[in-house]
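Below: the structure, in structure tokens.
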Amino acid sequence: MRLKTNLITITFLLICTFSNAQFVKKHGQLSVLGTQLVDKNNEPIVLRGLSFGWHSMWPRFYNEKAVSWLKKDFNCNVVRAAMGIELGEYSYNKDPQFSKEKIEAVVNGAIKSDIYVIIDWHSHNVNLKEAKEFFAEMSKKYSKYPNIIYEVFNEPDYETWWEVKTYAEEIIKVIRENDPNNIILVGSPHWDQDVNLPAEDPISGFNNIMYTMHFYAATHGKELRDRTDEAIKRGLPIFISESAGMEASGDGPLNIKAWQEYIDWMEAKKLSWITWSVSDKEETCSILKKTAKSEGKWKDEDLKESGIKAREFLKRYNKQE
């Protein structure tokens, strides 16, 4: 009897492990149906994971083993590679080759781990020429992989929606020349808060476009959720590509209650969400301490409170699908 029970347990664990290892294989090519992100079977899918911090300031975490650990220990089914464009010693504008190598390490790690990955042009400004060159190269290289999601403008700050839209349309054309299917994420003014603006005047003529909303739960309250709800009602597909439980500065105490309220709302709406960030800066939103190894295998004592909580949320909501 004990042998039979042990065999059943082992079989169950193997099935779970296999299921976890086959996430993209199972769900395949993503698309947008109405306002909902769906998988290859047109079934709603929710992606939940972590964003790496700016590659230009925390490049040591940009490697395949760290991606593998985020899948294994945090249950991430998506990661976000945030390529810093202007800031930091290793920014894209200063060292494009180094930058691409770091981003591709995360992308290749996600493909090997069979999870989705966001290639994030992490800037607050319009860099049209540079972005067109970068996304032309990335879309040529990775168009055959359903794992890929393109985020063409992290957080516009003071640009108008017309400026953001005009820029995004140019980048989308470049991507679609090489990659007709993979999801493209577009930001909105005021650090991805003003989703009402693209809802009033969305990009037309392209499929599988979603719009990003970012929140930091200790700063942004119900008003932002209500604004996002209204945008969704008007037909705007929303993807939460950056979020966390502290203040918008990335610092200050966690507001667990407010964070949970946001997560409850996202889960009810079947919105995908990414938590910020895999980095070791002395701030609340950086989930790691300086003791954390570059390639994962982090112990509890290597995680800050935000890291412990992010892992708890991801393990709870990313049940094996």
Out of all the residues in the stretch 231-248, is one or more touching a Gly at 6+ places or on another chain (Cβ under 7 Å) and closer than 18 Å to LEU288 by Cβ?
-> yes
Cβ-Cβ below 9 Å, separation at least six or inter-chain, first residue in the stretch 198-211 and hydroxyl-bearing (Ser, Thr, Tyr), second assigned to a loop (DSSP other than H, G, I, E, B) and modelled with pLDDT of 95 or more: which pairs?
-> TYR211/GLY187; TYR211/SER188; TYR211/VAL195; TYR211/PRO202; TYR211/ILE203; TYR211/LEU236; TYR211/PRO237
Return the residue satisfying two criteria in turn: it lies in the stretch 39-72 and is small (Gly, Ala, Ser) and not in a loop (DSSP other than H, G, I, E, B), and of such residues it is nearest to GLN29 (Cα to Cα).
-> GLY49
Flag for TYR142 being within 15 Å of the chain's Cα centre (by Cα), touching a residue at least 12 places away in the same chain (Cβ under 8 Å), open to solvent by less than 60 Å² (accessible area, probe 1.4 Å) and more than 22 Å from GLU86 (Cβ to Cβ) = no
Looking at the stretch 150-176, which of the residues that are hydrophobic (A, V, I, L, M, F, W, C) and either assigned to a helix (DSSP H, G or I) or touching a His at 6+ places or on another chain (Cβ under 8 Å) (or both) is most open to solvent (accessible area, probe 1.4 Å)?
-> TRP162
Regarding ALA217, is this residue in contact with an Asp or Glu (Cβ under 9 Å, 6 or more places away or on another chain), of a type in the set (A, V, I, L, M) and crowded, with 16+ Cβ neighbours inside 10 Å?
-> yes
For PHE239: the one exception among (1) part of a strand (DSSP E or B); (2) in contact with a helix residue (DSSP H, G or I) (Cβ under 9 Å, 6 or more places away or on another chain); (3) not hydroxyl-bearing (Ser, Thr, Tyr) | (2)
Reported set for the stretch 33-88 where residues are among the small types (Gly, Ala, Ser) and either crowded, with 21+ Cβ neighbours inside 10 Å or in contact with a strand residue (DSSP E or B) (Cβ under 8 Å, 6 or more places away or on another chain) (or both) is GLY49, SER51, GLY53, SER56, ALA66, ALA81, ALA82, GLY84
Checked the stretch 177-190 for anything crowded, with 20+ Cβ neighbours inside 10 Å and assigned to a helix (DSSP H, G or I); matches are PRO189
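The values are calculated or read from the model by the stated rules, or taken from the named source; none is laboratory data. Please read all numbers here as calculations on a predicted model, not as lab measurements. Cβ sites come from the backbone with ideal geometry, for glycine too, and all protein chains shown count toward neighbours. These area figures cover heavy atoms from the full protein model, side chains too; ligands, DNA and RNA do not enter into them. Shrake-Rupley method; radii C 1.70, N 1.55, O 1.52, S 1.80 Å.
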